[in-house]
Amino acid sequence: MTFLDPALSTPELRCGLSLGGRSITKELDLTIDEWAGLLRLTEDLKAEKKSHDEVQRLRGCNIALVFAKSSTSTRCAFEVAAHDQGAHVTYLDPAGSQLGHKESVKDTGRVLGRMFDGIEYRGFAQENVEELAGSAGVPVWNGLSDRWHPTQSLCDVFTMLEHTGKASDEISFAYVGDARNNVASSLVVAGAMSGMDVRIVSPAGLRPSRSVVAAAHDVSPETGGTLMITTDPVEGLRDVDFVYTDAWVSMGEPIGTWVERLPLLADYQVNAELMALSGRADTAFMHCLPAFHSRHSEVGERLFRETGRSAHEVTDDVFESAQSIVFDQAENRLHTVKAMLVATLER
Ligand code: CP
Ligand code: NVA
């Protein structure tokens, strides 16, 4: 399977998708073909922007960006993607609407659905984004919940394809760290949908949930994807194309969780020694960001004072190394979110 085959390139967008009106609350809202179509569409839209030739397909659209948690990359990806495509956005910050205070998710969905053509929602429980999608009557995109982060995983798979130039079923990646979180769950399923060799390297207590593993196993026969779950970095990282990690504690988890997780995850820090376990100099490092690799943030400094550690899931030298592709990855949030908007809103 390949998504970025140059032979498929035409001057026209190659999306061949019919996602009009659809919501994306998790990867599995899409078929494998639709997922592949979004990756192709991303490639086309990125090329269009890079050649200063972008066609605005969403002129006159109004998009609500509702964030119950903070964000840099996701918010900016939606804002810039919408502006590039001629749409207008309205941003509602964590305290900026009645949602969750005086108004139910279902009622807010019905209000916003009467005014907007689509709604991005970053919240806590996955059930909330699904309820919004069920009540709004317009496309809803999950900008991160406690369970899934589909706009991130589409970006991550696209970045892996772009960086290697390989077919997706020739790509391997190892996710190292807290493998129960939203990003890890999304990567397990997205990797399976893309036919990749997925390795999860985590302590036993932080493995992906049974339902996430079952979801990956359901799609793998069609794509050829494989899933290894191991506590052993030596086994998990052997000859891998990418090493990926995320923060050891996610938004919404109590700050005290850091103290519990540190002893569990200390051996899973992505440092130079761990990167060397791939046995390859060209293994690339990925992170969804924000990353705790230094004291240069309020939380980073606070964690240093409480734990004596200046880096957590990744060391500063790996984060800043030539192997790190985190900012190429961050840029691709824009292009992949744009593909989701165009595919679901284009009329
Ligand atoms: N990766 C990601 O979702 O980052 P933000 O929290 O900055 O949106
Ligand atoms: N797992 C992280 C991802 C941040 C983009 C969190 O939920 O905080």
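Odds and ends about this structure:
- Cα-based shape type of segment 198-340, given that a ≥ b ≥ c are square roots of the gyration tensor eigenvalues and the cut on a/c is 1.5: rounded
- Sequence ranges 29-38, 316-325, 92-101, ranked by mean other-Cβ count within 10 angstrom, highest first: 29-38, 316-325, 92-101
- Close amide H pairs (under 5 Å, H built 1.01 Å from N) link ALA284 with PHE242, VAL243, residues at least 5 positions away or on another chain.
- Which listed pairs, of LYS69/LYS102; LYS46/LYS166; LYS50/LYS338; LYS69/LYS166, have C-alpha distances above 25 Å, in listed order: LYS69/LYS166
- Computed with a 1.4 Å probe on the full set of protein chains, the accessible area for LYS49 sits at about 60 Å².
- When both bridge partners sit in the chain, DSSP labels roughly 0% of those beta bridges antiparallel.
- Alpha-carbon centroid distance for the pair segment 260-318 / segment 65-97, whole angstrom: 29
- Charge dipole magnitude, Cβ of K and R +1, D and E -1 - segment 231-347, Cα centre, debye nearest 20: 380
- Karplus (6.51, -1.76, 1.60) ³J(HN,Hα), θ = phi - 60°, over segment 291-303, in Hz, Gly and Pro reported as x: 10, 9, 10, 7, 8, 7, 8, 4, 5, x, 5, 5, 5
- Estimated dipole of the chain in Debye, rounded to 20 [Cβ of Lys and Arg +1, of Asp and Glu -1, Cα centre]: 880
- Using θ = phi - 60° and Karplus 6.51 cos²θ - 1.76 cosθ + 1.60, couplings along segment 118-130 (whole Hz; Gly, Pro as x): x, 9, 8, 9, 10, x, 9, 6, 4, 4, 5, 5, 5
- Placing unit charges on each Cβ (+1 for Lys and Arg, -1 for Asp and Glu) gives the chain a dipole about its Cα centre, and among VAL129, GLN56, SER194 the Cα reaching farthest toward its positive end belongs to VAL129.
The values are calculated or read from the model by the stated rules, or taken from the named source; none is laboratory data. If you're wondering where the values come from, they're calculated on a predicted model, not measured in any experiment. Counting neighbours? That spans all protein chains shown, and the Cβs are built from the backbone with ideal geometry, glycine included. Areas reflect the complete protein model, heavy atoms only, side chains present, ligands, DNA and RNA absent. Shrake-Rupley method; radii C 1.70, N 1.55, O 1.52, S 1.80 Å.
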